[in-house]
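Structure first, then comments.
The values are calculated or read from the model by the stated rules, or taken from the named source; none is laboratory data. A quick note: this is a predicted structure, and the numbers were derived from the prediction, not measured. In this analysis, Cβ positions are derived from the backbone assuming ideal geometry, glycine residues included, and neighbour counts consider all displayed protein chains.
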Amino acid sequence: MADCIFCKIATGEIPAKIAKRSADAVAFHDLTPQAPVHVLVIPTMHFASARDARGPAGEAVLGRLVAFATEVATELGLDTRGYRLVTNTGPDGGQSVFHLHLHLLGGRPLGWPPG
């Protein structure tokens, strides 16, 4: 999508501090981290949100995205103490960039409930 900031990060048009890249996903450090480790994990294919990733193609992307996020967590040393994966969907869900993404949060105890 031409005006999507995350699409531009995925293509390298906008620079970001990349944690890991694959053919179908990119993980990069959040500019306003909410935890010592806060990485955004995005598919290179544009889906506006999790609800738009329905059906076989979307389910495949979601599965690969979660698996990729767990690889990133391992590489960032989060396996021992744990981490949280979050996706926000829609304005009331806290989504501010309308490109499917996971927040990978860790490096400190994370309270519950989150919001």
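Structure data summary
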read-out	value
Which listed residue, of A23, A27, is small (G, A, S), within 22 Å of A60 (Cβ to Cβ) and crowded, with 20+ Cβ neighbours inside 10 Å	A27
Some residue of region 50-70 being polar (S, T, N, Q) and either modelled with pLDDT under 95 or out of contact with any strand residue (DSSP E or B) (no Cβ under 9 Å at 6 or more places or on another chain) (or both)	no
Total residues in region 78-100, condition in contact with a Ser or Thr (Cβ under 7 Å, 6 or more places away or on another chain) and at negative phi	4
Failed criterion for D3 (all others in (1) closer than 22 Å to W112 by Cβ; (2) modelled with pLDDT under 95 hold)	(1)
Filtered residues of region 69-115 (kept if within 14 Å of L40 (Cα to Cα) and either in contact (Cβ under 8 Å) with a residue 60 or more places away in the chain or touching a Pro at 6+ places or on another chain (Cβ under 9 Å) (or both))	R84, V86, V97, F98, H99, L100, H101, L102, H103, L104, L105, G106
